[in-house]
Amino acid sequence: MARAQLLIMEPPPKVGAKPGATLETVRFQFNPNKLSMTKSTEWRRSPARMAPQSSTPEFVGSGPRSLSVDILLDATDTHDKSVEQKIEQLMTGCVPTPKSLRAKKPASPWVRFEWGSARTTSFDGVLSRFSVEYTLFDTDGTPLRATCSIGIEEATADTANQNPTSGTPEPSRTHIVIAGDTLAHLAWQEYGDPGAWRAIAEANDIDDPQDLPPGTEILIPITAGSPA
C-alpha cells in the first residue's frame, strides 16, 4: 500500500527556482480518508455605462491550488513520545530554516504532499495553516493521540515576462483580446494615454493596430505610469 508523506524542503535559492534539499520527510501512520483541494481564477470586467447587460469578463489569471489534509497520530501501542516528535517535525514547516537565518534572509520551508501516483494533490507550496487537536493522553500527560490539520498553498515558479521583480527588462502582463478591443483603448485603460498604443504594438510585433482577432493573447508592458 502506498503511504502518504509530506516533504519539507529548503525554500528556493532565488525567484523562479525549484525548492532546495529535503529537510524532513514526514511519513503518515495512516493514509488520509479525505483530501480537500480548491483552486480559483480571477476575472475582471470593465463597466459599460451604455450596455444593457454586463460586459464580457476578461481572464486575469489563475489562482494557486490549496490543499487541506488531516494527519492522525497514534502511540497507544508504544506509549512513547512519537506523537510529540511527529508534531515537532511538522512544525519545522512553519518557521524559518537555519540556512535562511544564517543568510539573513528568513524564509520558511516549502512543502509537498505526496501519495502514490496522485498528481493534482502533489505540488510545491508553503504551509498556510497548522493546528493540532490532542484527544488522548498517558497517565503522565504525554499525548498518545492527536490530529494535525494542515493547509498547503501552491507556490510555483513565476511565469517569464510577467513578474516585475524577476529581472526581465520589460515586465508585462497578458491580455486576452475581446470583441471591440483596440490598441488605443487598451493603452488608455493601462496608461491613461491612448497615444501610448505603440508600446503595446512593439511588444507584440503588431503591424496593423486594427487587426486584433478576439481570443488572441497579447502582452501589455507594465510601465511606470501603468495602474497595473
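Values quoted throughout were computed directly from the atomic coordinates according to the rules given, and no laboratory measurement underlies them. Keep in mind that what you see is a predicted model, and the values were worked out from it rather than measured. Here the Cβ positions follow ideal geometry from the backbone for every residue, glycine too, while neighbour counts run over all protein chains shown.
Spin-label pair residue 101-residue 205: with each label point 7 Å from Cα along the Cα-Cβ axis, the two points sit 5.1 nm from one another. Give the label of the value calculated from the structure for volume of the Cα convex hull per residue in Å³, choosing from [x] 117; [y] 150; [z] 189. From the options [x] 117; [y] 150; [z] 189, the structure gives [z]. Close Lys pairs in the chain (alpha-carbon distance under 30 Å; sequence gap of 8 or more, or different chains): 19. When only the Cβ of Lys, Arg, Asp and Glu is charged (+1, +1, -1, -1), the dipole of the chain relative to its Cα centre reaches about 460 debye. Computed from label points 7 Å out along Cα-Cβ, the spacing between residue 72 and residue 46 is 5.5 nm.
Fully extended, how many nm does the chain gain between residue 36 and residue 145 (0.36 nm per residue separation, minus their Cα-Cα distance)?
Contour length minus Cα-Cα distance gives 37.0 nm.
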